1. Can you tell me the length gained on complete extension of the stretch A553 to V590, counting 0.36 nm per residue apart and subtracting the Cα distance?
2. So for region 343-481, what are the equivalent ellipsoid semi-axes in whole Å, largest first, each being the square root of 5 times an eigenvalue of the Cα gyration tensor?
3. Among the listed pairs K334/K812; K275/K334; K733/K812; K335/K812; K335/K733; K335/K840, which have their C-alpha atoms separated by more than 22 angstrom in this model?
4. Just order 365-372, 425-432 by mean Cβ neighbour count inside 10 Å, highest at the front, would you?
5. In nm, to one decimal, how far is the modelled label at R453 from the one at D248, with both set 7 Å along Cα→Cβ?
6. Which value, in Å², gives the accessible area per residue of region 431-578 when a 1.4 Å probe is used on the protein heavy atoms?
7. Of the listed peptides 541-550, 589-598, what is their order by residue-averaged count of other C-beta atoms within 10 Å, with the highest listed first?
8. From the phi of every residue in region 469-476, what ³J(HN,Hα) in whole Hz does the Karplus formula 6.51 cos²θ - 1.76 cosθ + 1.60 yield, where θ is phi - 60° and glycine or proline is x?
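The values are calculated or read from the model by the stated rules, or taken from the named source; none is laboratory data. Note that the structure is a prediction, hence the values are computed from the model and not measured. Glycine also receives a Cβ, built like all others from the backbone with ideal geometry; neighbour counts cover every protein chain displayed. SASA here: full protein model, heavy atoms, side chains in, ligands and nucleic acids out. Shrake-Rupley method; radii C 1.70, N 1.55, O 1.52, S 1.80 Å.
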Amino acid sequence: MGRSFLAIRQLTAALLCVLAMSLARAAPEGETRGASARLGIVIRGGLPLDEALQELARQSGIQVVFFSRITAGRSAPELSGEYSLSDAMTRLLAGSGLTFRQVNARTVEVRQPPPGSARSSGKSRPGGNARRSKSAPASNEPMEEVQVIATAEQLVATRIPTPLSEIPQSISIISSEQIRQQNAFDLGDVMSNTPGIATRRETSLDESAYSRAFQVTSYHVDGGGALKPELIPGLNTYLGAPDMSEFDHVEVLRGSDALFTGNSNPGGTVSLVRKRPLPMPALQMTATLGSWNNYRMELDANSPLTDDGSLRARADAVYAKRDYFFDRAHLERKKIFAALEYDFTPTATLTAGATYQWDDALPVVGGLPLYTDGRDPHLPRNTALTFDWALYNTRWGETYLQYRQQFDDHWTLRLNAAAGRTTVDYGLGSFGGSTINPRTLSLGTPSAGFSVRPMHYTLGTADLTLTGVLNWLGLREEIAIGGDFTRVRARQVGVTYFGFGPPLVDVRTFDPSVYPDPRGTRPPDLSAALRSMLEQYGAFVSLRVDLPDGWSAMAGARIASDTLRMAGSASLGGFDFGDLASERGSSDVVTPFGALLYRIDDHFTWYSSYADVYLSQTSRPLRANGEAIGPAHGVNLESGIKGVWRDGALNASLAVYRITQRHVPVNDTAPPPPGVSDCCYVSGTVRSRGVELELDGELARGWLIGSGYTYNANKTAADGGIPANSTPRHLLKIWTSNRLPGAFSRWTVGGSLRAQTAARGNRLLTCNGQFQDCAPSEVVGQHPYAVSDLRAGFEVDSNWQVALSLNNVLDKRYYLSHNTPAQVVWYGEPRNFMVRIDGKY
């Protein structure tokens, strides 16, 4: 452990040294110069000025307000490239005689300049955060910059784009640039790099994410229905993570999303934001080549289909193939994504899209076992206890429809609907929860499971949201009203073989050829067919009021219900269990949300919030009296301070939180009632509390950072296993990228650091060879580790970039996750490289 802390200290010192040198370089610029957030803007020349301003508002996410009479008869020049908002506004208004100013964090006003004045005075948001006046010049005077304020929309209670500093919860936005530089190709990669998120590898294809010690079970796309809902806790509808080629960025909320999550854990919510068609012709190409035959090609094409750009299309295609640092496993992936977007009017837009992903894999599902007493056997990192006949092949397709209607400057109606289908063929083998005998090194015999015919999963979601701004009693109110529905159907038919083949005498000499496909040797031990349907639906309302003297108040509630129906049959050892059926769920569960926010000054905001959430007990645990425990209810209390600098380009937050989850089922130690088996449970309570610190954005011109530190202390409910034992006490993640100055301006250098201290594990149960005389042994948990990555990129010309990433630079040997009490571990990747080439036209 001492060496681990020494490594953390050395790496942190080296990183701080790099940051200090960069600060020294950036210091002469001063904060008043600002750092223009760059936007990719394309607007066709010759458009009427009012239409061009509306298009700029759509592409930038900033509201532009003006009287139509002042733009009448004026046209706009062409824009094509990357601009700060001030540059784009200045170019559009050039020669028009008009000026502009920033009204508040989300609004820019275009107007005629006052007589005799080339510059307007500032105006602050009512009861809000006063900002400097920034207007376009009426003459050739130098102008002050208008910055694009970093905003979030998908995970905000009012569903209105809101500056990060005014969201009364902890939220991180993983930008497309960070995703690109970190080569995060699927959602698991993104979550591994997200501040405050601990990950645990489940298979070679899938990772689970944990926030504030609770597993994240709520994933959404564009703020709509669930992406990967769970029919039964711990059993996802399919293994694997969505490829990121379809998505622009990811929003991650830590804590309870009471208004939109519904049936979920209180730890966090993830929303993936899709790429959208843009009214410009563009082609982007990416090729990567890395260690262990890891290569990938991606093409992303965008084009207007009409002269005015009102109808536009976007398509993305991926081919990827990879091996792993452990033996035998591999993955081949193909994915296509296409979308059409049409502006019926300047205020009404319809988007339709579809995606299809093929994955063919030989997976590893069991990880590496420990000794029976929990000690580390120090197996070679390339060890993989999988079989040559293993497979996991998925076909996942989805179509979606989105409609957005702007009624005036303040009211918006959004409709999202999606339908998806997944088919899975699998043949999986593992040594299960077996442990290694420390004297003989034997491991026992493996088990295997196969799909008799492809499993089918269908997913349908729909949500409707109306948002608007009111001005009652001289105050500004933001309101959101909506509802959502999700339905998942699953059909599975599979067989299982227990204990096939000879015992593994020495795990270090594992030979998969000794274990042929058991389907050709004997009948299965277990056959099962299962049909499941999960329905979740709810409605919500929220209101935010901006009060005088910098105060704001928010309140809302969601009412939701869910139903899980299961039916099937099973046969074990020739005994037929017949038809099995069950139905369970929760009805009309109300989850409230409330928050109070105070803007201290132009840079700092204090907030405090309350959020509730519930989680259905799909296994229907019973008390000794036969009553069901019912859904678990969680409460998230949070307070903190948020900071914003460089006109929103740099954001920071400090939060303290406490989560309490009640009605967690815990085994009842009292003897069950006479004649009752498989019983009983009592209701337990679990708690998680901690501190989160985050710094994200642009520290100086060309210097990006994404970083976060998390402290968590949690208390489990007896043997309920919650909160998760994968959560470390201290977790640090830092990513940075810096464009060098002067003659080296074509170079970008950066890297990342991921470090954590120990994660509390579970107490093991040690038994003899006949599984008798069992007694608890020592607690086994995750050990501390620190891993650093480096990256250097070079801009060949305006169209081509090449970059080299070196990961795990010090070749740290560590366990990425420790899945106790199953006593299974996964190694982190050894030192490896990746070369990336990006082109755009």
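1. Values: separation 37, 0.36 × 37 = 13.32 nm, distance 2.00 nm.
Fully extending the segment from A553 to V590 adds 11.3 nm.
2. Values: eigenvalues 564, 100, 26 Å².
Semi-axes from the Cα gyration tensor: 53, 22, 11 Å.
3. Values: K334/K812 32 Å; K275/K334 18 Å; K733/K812 16 Å; K335/K812 33 Å; K335/K733 30 Å; K335/K840 20 Å.
Table pairs above 22 Å Cα-Cα are K334/K812; K335/K812; K335/K733.
4. Values: 365-372: 22.4, 425-432: 20.4.
The packing order, highest mean first, is 365-372, 425-432.
5. 4.3
6. Working: 6840 Å² over 148 residues.
Per residue, region 431-578 has 46 Å² of solvent-accessible surface.
7. On the way: 541-550: 17.3, 589-598: 19.5.
Going from most to least packed, we get 589-598, 541-550.
8. The phi angles translate into 10, 10, 9, 9, 6, x, 10, 9 Hz.
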